[in-house]
Amino acid sequence: MENHKLRKTPERFAILDMAMSFCEHFSADNLFQRMEEEAYHVSRATIYNTLDLLTDCGILRKHQFGGNQSQYECVADAPNHHHLICTECGKIKEIKDTELLKYLNSKKYSSFAVSYYVLYIYGVCNTCARRMKKNRSINKIKI
């Protein structure tokens, strides 16, 4: 915040502390709810503005998984990894594919220094696939 010449307010520090307490992706609504549970009242607007600020400062990384609301993760806890996103239930799973990571880390681009990368893989998780298969077999029996 000092590098960006931004005010260091108690609300910003409280939001930063709470954001850093998440072990997984979280939304602004998740953060607001957790802050309310901890009896720290701050407006949703302050949360959204601070999340944008923390993203600009490189503390958080913002993701848009399909049509869902924006999700955030702490950069310090998020070395390069990939996201498997179920198009049925919206579940997100983080994975590390060491072969793919090795390949991507070996890529060099002229006149460009890579800071990080994000890979989203969309599909159907096993739970949804089993449910869909079961529903198809039930529908065949009814016909």
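The values are calculated or read from the model by the stated rules, or taken from the named source; none is laboratory data. Only a predicted model underlies this, so the values are computations on that prediction, with no experimental measurement involved. So basically every Cβ, Gly included, is an ideal-geometry build from the backbone, and we count neighbours across all protein chains shown. Ligands, DNA and RNA are excluded from the accessible area calculation, which covers all protein heavy atoms including side chains. Shrake-Rupley method; radii C 1.70, N 1.55, O 1.52, S 1.80 Å.
A few comments on the model shown:
- Within the stretch 38-74, being of a type in the set (A, V, I, L, M, F, W, C) and under 28 Å from E88 (Cβ atoms) holds for L51, L60, F65, C74.
- Within the stretch 81-104, not a single residue is open to solvent by 90 Å² or more (accessible area, probe 1.4 Å), closer than 26 Å to L6 by Cα and modelled with pLDDT under 90.
- Put simply, of A14, A28 the only residue that is touching a helix residue (DSSP H, G or I) at 6+ places or on another chain (Cβ under 6 Å), over 30 Å from N105 (Cβ atoms) and of a type in the set (A, V, I, L, M, F, W, C) is A28.
- Positions within the stretch 121-137 being modelled with pLDDT of 85 or more and either open to solvent by 60 Å² or more (accessible area, probe 1.4 Å) or over 17 Å from I85 (Cα atoms) (or both), in sequence order: I121, Y122, V124, N126, T127, R130, R131, K133, K134
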